[in-house]
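All remarks here apply to the structure that follows.
The values are calculated or read from the model by the stated rules, or taken from the named source; none is laboratory data. The model shown is predicted, which means the values in this text are computed figures rather than measured ones. In this analysis, Cβ positions are derived from the backbone assuming ideal geometry, glycine residues included, and neighbour counts consider all displayed protein chains. SASA here: full protein model, heavy atoms, side chains in, ligands and nucleic acids out. Shrake-Rupley method; radii C 1.70, N 1.55, O 1.52, S 1.80 Å.
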Amino acid sequence: MQFGEFPVYDALGIELTHPVKCQEITLKKGHILTSSDIGKLQYAGIKSVVGVRLSSEDILPETAADILLKTMAGDYLRYTLPDENGYSEIFADIDGVFVFDRERLNRLNDHSENISLMAVQPNLPVYKGQFVANLRLFGPAIQAATLNEAVTKISGTGPLLKVAPYAFCKIGFIQTITDKAHVQPQNPDDLEKRFGAYGFNVVFHDLCEHNSVQVEKAVRDAIDAQAEIVLVESPFPPLHRDDVVPKGFKEAAGDIDRLGWPMDMGLSLVIGHKNDIKLLGYCAEDADQPAFDILMRFLATKSLPDTSVIPELALNGINLTRLTKRITPQQTENSIHIGSVSDSEKIAVVILAAGSSRRMIGSNKLLESLNGLPMIEHVVRSALSSQADYVAVVTGHDAKFIEKRLEKYDVKIVRNPDYVSGVLGSIRLGLAVLPPDIAGAVVLPADMPAFTEEYIDKLIEAFDFKAKRPPVVMPSFNSVRHNPVLWPRDLFKVVKIIPEDSHWTPALVEHSDYIKEVVLKDDLPLTDINTHGDLEKYKARVNMVSSAEQDLFALEKRR
């Protein structure tokens with residue numbers, strides 16, 4: 001990428017980074033100068049312009065943001081695509097707790113001055129539609145190498161950002177008292193109403209004396225009743241690890257994780273565990289505090305932070321205006337919804353329509369007519385009619401003409417500016433912009449119009465979503481494997497974003513132990529069209545098949 005001030009005589013193809021007023025018109029920021037523009041600028045006496053000349057190693061901000069957002073956004077989030085200032089906003093799409101790894105976020109922000117991710121404090125309760133983060137990409141383009149490294153820096157166990165939704169937990173409620181004669185036990189209906197707001201189901205409740213022996217017995221009884229969380233509410237706060245309630249936890253064979261909760265003014269309580277069961281002791285007077293409500297939400301979503309992270313909850317890294325922002329109806333309509341990534345059974349189709357069609361001399365094969373429609377539309381219609389949940393089309397050569405033909409279809413279009421480097425760059429780009437809850441993708445060349453929805457569905461039906469290692473699925477005929485290939489998401493990472501002249505063979509060889517073949521009885525669906533001769537043979541063959549079907553239908557009708 002070349003950025004700076006360019007003499008007008010050498011500014012052909014420059015993308016303006018600032019508007020330029022020329023006679024009666026204004027060339028806007030982002031406008032790419034043509035030879036006609038150059039003449040007008042010279043006539044107006046303008047000597048130079050400020051702009052950028054992009055190379056094949058540059059990726060447009062909107063595409064780079066889309067790739068980063070697909071990588072970082074996880075369960076139950078919704079995000080907007082970049083606005084004119086480069087900002088993409090991320091919102092919670094369900095009530096729960098906002099979770100992210102601070103170290104991974106810091107690695108991303110430390111990586112490049114052109115990329116920044118700002119977020120609300122992690123491990124806080126959020127509500128559906130609440131703003132939680134925004135991503136900004138600054139500058140006219142992002143280098144592919146920089147983007148690749150950014151994706152690497154935010155990679156880890158699961159997505160960087162997610163919302164932990166409320167789970168249905170069984171709890172045991174224990175109330176300790178000093179004078180049993182003057183205290184009435186909690187009414188079961190009141191307990192259900194009190195804790196039902198968090199999705200808790202009270203399976204055990206007890207009233208006992210405030211001493212470690214009684215606390216131990218009650219805790220053991222609650223655990224025997226299958227409680228996943230045991231709450232001990234007392235008239236006094238636990239002030240030491242050897243106080244009554246913490247001691248009762250330890251005598252019940254539990255471990256103490258932390259004393260105190262550093263939010264708001266701070267709460268005196270004890271957090272422990274026995275195996276996978278959470279133990280919590282607190283003062284009855286603190287039960288109405290906002291900080292206690294936050295702690296209960298952690299427990300309700302099974303997202304309680306590690307004890308080493310809990311001190312960070314005292315911090316707040318975002319202002320109140322942003323913290324209380326809610327998603328607008330328009331943003332809801334134009335944003336991307338993400339469900340549960342790990343349980344997803346969604347399949348995408350990536351249609352490769354970027355090639356230069358060099359062997360189809362004098363025309364673009366994808367715009368050649370088949371039964372009144374361009375070839376590209378046949379392939380897109382097949383993908384949309386299949387069981388696939390999402391369709392992406394990668395364009396390149398003749399992109400404007402192809403994209404114009406696809407305006408009426410509900411597909412994601414991404415343009416590969418360096419399509420001449422080979423098909424692998426288009427494959428990489430198409431896979432990179434798929435939503436994060438896509439479990440696998442059929443990579444379908446756009447010159448295979450006979451590979452209709454029937455055959456796409458056969459690949460999808462052969463894909464094992466529940467397998468520990470989902471298979472690579474591909475069609476075969478006479479023991480020979482062919483395109484298209486259905487790739488599981490965990491293999492998307494074998495393809496980097498930087499285009500290069502390569503192919504899929506190494507990946508197929510490496511993962512050949514779990515390739516699943518769909519055997520076809522006819523090779524017509526596997527036909528790819530590269531030349532005018534191929535096109536004529538295909539048309540003839542399709543007509544022959546249609547005629548044979550009509551003859552068979554007529555014969556059956558006679559019977």
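Answer with yes or no whether Pro238 is closer than 20 Å to Thr178 by Cα, assigned to a loop (DSSP other than H, G, I, E, B) and touching a residue at least 24 places away in the same chain (Cβ under 8 Å). In short, yes.
On the stretch given as segment 149-167, residues that are open to solvent by 30 Å² or more (accessible area, probe 1.4 Å) and more than 22 Å from Gln121 (Cβ to Cβ) total 4.
Pro499 falls short of the stated requirement of being modelled with pLDDT of 75 or more, buried (at least 17 other Cβ atoms within 10 Å of the Cβ) and either within 34 Å of the chain's Cα centre (by Cα) or not in a loop (DSSP other than H, G, I, E, B) (or both). In this structure, Ala284 does not qualify as open to solvent by less than 20 Å² (accessible area, probe 1.4 Å), at pLDDT 90 or above and over 33 Å from the mean Cα position of the chain (by Cα). Exactly one condition in (1) part of a strand (DSSP E or B); (2) touching a residue at least 60 places away in the same chain (Cβ under 8 Å); (3) open to solvent by less than 70 Å² (accessible area, probe 1.4 Å) is not met by Val230; state its number. The single condition Val230 does not satisfy is (2). When restricted to residues that are touching a Pro at 6+ places or on another chain (Cβ under 9 Å) and assigned to a helix (DSSP H, G or I), segment 249-295 contains 6.
Quick grid of which residues meet (1) touching an Asp or Glu at 6+ places or on another chain (Cβ under 8 Å); (2) of a type in the set (A, V, I, L, M); (3) buried (at least 18 other Cβ atoms within 10 Å of the Cβ):
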{"position": "Val341", "(1), (2), (3)": "yes, yes, yes"}
{"position": "Glu345", "(1), (2), (3)": "no, no, no"}
{"position": "Ile361", "(1), (2), (3)": "no, yes, no"}
{"position": "Leu367", "(1), (2), (3)": "yes, yes, no"}
{"position": "Gly372", "(1), (2), (3)": "no, no, no"}
{"position": "His378", "(1), (2), (3)": "no, no, yes"}
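Within segment 171-191, does at least one residue satisfy the condition of being open to solvent by 80 Å² or more (accessible area, probe 1.4 Å), under 17 Å from Ala227 (Cβ atoms) and part of a strand (DSSP E or B)? No, segment 171-191 has no match at all. Note on segment 446-496: among residues that are under 20 Å from the mean Cα position of the chain (by Cα) and assigned to a helix (DSSP H, G or I), the one that is modelled with the lowest pLDDT is Val494. Out of Val380, Val350, one residue alone is closer than 27 Å to Pro470 by Cα and assigned to a helix (DSSP H, G or I). It is Val380. Among the residues of segment 317-330, not a single one is surrounded by 15 or more Cβ atoms within 10 Å (Cβ to Cβ) and either without any contact (Cβ under 8 Å) to a residue 40 or more places away in the chain or among the hydroxyl-bearing types (Ser, Thr, Tyr) (or both).
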